[in-house]
Amino acid sequence: MNRIIVFLVLLIVLIAALAFGWWAYTLPGKVTVPIGTEEISIKSGAAVALVLALSGIMAAAWWIISGIFVLPGRIARSRRQSKSRKANAALTEGLLAAEAGDAEAALKLARKAAKHAEDERLKLLLEARAAEANDDWAGAERAWSQLTRLPGGQLAGLRGSAMAASERGDQLTAETRAREALGLKSSADWPFNSLFDLQVSKGEWEKALDTLTTGERRGMIKGDSLRRRRAVLLTAHAVGMSHDQKSEAQKALAEAIRSAPGFPPAAFHGAKALMVDGKAKAAQGVLELGWKARPHPALAQLSRRLVPQDSQANIAARLQALISAQPNHRESKILMAEIAMDKGDWVGAIRSLALLVEENPTARLCLLMERALKGYGDQSEAARWGRMAVSASREPDWSDIDPKGNAFDFDKQGWARLVYAFGDVGDLVHPRYESYGRELEAGRVPALPGPELEEDARLDAPKAPDRPLSPPLDYASDDD
């Protein structure tokens with residue numbers, strides 16, 4: 001299309017020139033040109049044609065002369081463009097090779113780009129990526145560090161330098177680089193995430209709390225994730241404090257409960273600290289607050305032992321207060337069955353448990369049913385439920401109670417995991433949940449008797465009621 005337009009324009013110009021030349025040639029008269037003492041007469045049309053030809057010759061001569069003067073500049077510009085094209089090609093291919101994991105090609109192209117690249121930042125970027133592809137983290141960190149000194153490359157250089165330092169095990173340098181990046185005015189969220197993750201991995205709870213506050217101020221984290229992460233960090237920090245810092249620990253736990261009331265470890269450790277101080281009533285209040293937000297079996301276990309050698313009536317009253325805080329919750333219904341067993345009301349316990357196992361017969365519920373049936377006197381049925389407990393599904397919340405009966409007794413790594421597991425999705429599942437074979441039941445792991453022992457147990461067991469027992473779910477009927 002463009003060629004057609006150019007052709008038409010040239011054709012119009014040629015036609016116009018011929019028409020003008022014919023018109024000039026037909027002009028009447030002559031033009032007299034004095035040359036020394038003589039005069040030369042030229043026809044007007046020829047004079048016009050001569051002037052036009054002379055003008056064309058002068059224009060061509062000027063174009064040639066000016067072209068000679070600008071030729072070196074054009075040659076230099078052409079060389080620069082060629083060099084730039086080669087550098088861009090080498091940089092593009094080198095970055096693609098580095099991302100593809102072709103370390104040898106990336107290194108070769110990085111050297112090639114170093115010869116042609118005019119932008120130092122691009123050259124350093126490829127050099128750093130090539131070094132990373134070769135697992136040369138020291139070289140990568142060196143290139144990234146040089147990039148931080150160039151305009152526009154500071155944030156990218158700090159990020160790369162932090163990652164390289166982390167890969168070679170220098171967490172201190174990685175944290176320093178992330179902190180420098182966080183100090184820059186930028187909307188990038190990686191400095192906050194990197195610094196926070198490093199501090200959490202090292203168990204530096206106070207520093208992580210400060211970083212979390214900075215992230216909140218910058219708008220990089222908010223909502224439930226912010227509140228839950230803060231609750232975990234405050235609880236972990238409080239649990240790690242020494243005995244002479246118990247006042248600060250209690251304040252941190254109180255703040256954790258305010259931040260996320262549905263974080264059972266905060267309520268558990270907060271109540272436990274008050275219990276150690278002899279403030280059983282205040283501890284029970286904390287447990288009820290935690291139970292109302294998110295019932296958890298560990299809270300009920302602690303409520304049982306708030307007062308050493310307490311009467312069964314007082315223990316039942318405290319547990320009933322928990323139930324009243326969340327009467328329709330599954331844990332409250334389980335607690336009602338446990339209270340019934342404490343009182344020796346085996347039929348009431350079986351009725352409560354039967355409704356629960358109908359929904360989901362977990363290992364924990366099977367063990368509770370086993371206990372209730374043993375109390376009732378049906379040893380064979382109790383043994384059957386004990387066997388069912390081995391293959392039944394496990395309860396995630398119960399996994400927070402270790403085999404010795406301690407709850408939320410996490411190490412540094414366990415707390416660090418909770419920062420994200422609970423902080424980001426509200427998950428409390430402990431890693432041991434995947435490996436438990438048989439659920440805990442009041443800190444006891446019942447053993448399964450062999451067939452001979454089962455027969456002996458039936459012979460030695462207390463005599464059951466005269467009427468035959470129905471299948472376990474029938475205990476929920478209205479009959480006594």
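For segment 259-312, a Kirkwood hydrodynamic radius built from all Cα pairs, placed in the Stokes-Einstein relation at 4 °C and 1.567 mPa s, yields a translational diffusion coefficient of 120 µm²/s. The mean sequence distance of close C-alpha pairs (under 8 Å, at least 6 residues apart), as a share of the length of segment 134-224, puts its relative contact order at 18 percent.
On the beta carbon distance between Ser242 and Tyr420, with R0 = 35 Å, the FRET formula returns roughly 0.85. If I take R0 = 41 Å and measure r between the Cβ atoms of Glu206 and Val347 in this structure, what FRET efficiency does the formula 1/(1 + (r/R0)^6) give, to the nearest 0.05? The pair Glu206/Val347 has a calculated efficiency of 0.15. Computed from backbone phi, the HN-Hα couplings of segment 316-325 come to 4, 5, 5, 5, 5, 5, 5, 4, 5, 6 Hz, rounded to whole numbers (Karplus: 6.51 cos²θ - 1.76 cosθ + 1.60, θ = phi - 60°; Gly and Pro given as x).
For segment 313-411, the equivalent ellipsoid derived from the Cα gyration tensor has semi-axes of 21, 19, 13 Å, listed largest first. Site pair Ser324 and Leu10 shows an inter-label distance of 10.3 nm when each label is modelled 7 Å from Cα along Cα→Cβ. Once the 1.4 Å probe is applied to the protein heavy atoms, segment 276-427 comes out at 43 Å² accessible per residue. Distance from the alpha carbon centroid of segment 380-413 to that of segment 213-257 works out to 29 angstrom. Measuring from label point to label point, each 7 Å out along Cα→Cβ, what is the Met58 to Asp135 span in nm? Going by the 7 Å Cα→Cβ label model, 7.7 nm.
Which order do peptides 383-396, 120-133, 213-226, 53-66 fall in by mean Cβ count within 10 Å, highest first?
Result, highest mean first: 120-133, 383-396, 213-226, 53-66.
In order along segment 218-227, phi translates into HN-Hα couplings of 7, x, 8, 8, 7, x, 5, 4, 4, 5 Hz, rounded to whole numbers, per the Karplus curve 6.51 cos²θ - 1.76 cosθ + 1.60 with θ = phi - 60° and x for Gly and Pro. Calculated accessible area for segment 121-243 comes out at 48 Å² per residue, all protein chains present (probe 1.4 Å; ligands, DNA, RNA ignored).
Once you've got the Cα coordinates, tell me which of Lys251/Lys272; Lys202/Lys272; Lys222/Lys292; Lys292/Lys333; Lys207/Lys272; Lys343/Lys374 are over 18 Å apart.
Listed pairs above 18 Å: Lys202/Lys272; Lys222/Lys292; Lys207/Lys272.
The values are calculated or read from the model by the stated rules, or taken from the named source; none is laboratory data. As the structure is a prediction and not an experimental result, all values here were calculated from the model. Note: ideal-geometry Cβ built from the backbone for every residue, glycine included; neighbour counts use all protein chains shown. The area values use the complete protein model at the heavy-atom level, side chains included, leaving out ligands, DNA and RNA. Shrake-Rupley method; radii C 1.70, N 1.55, O 1.52, S 1.80 Å.
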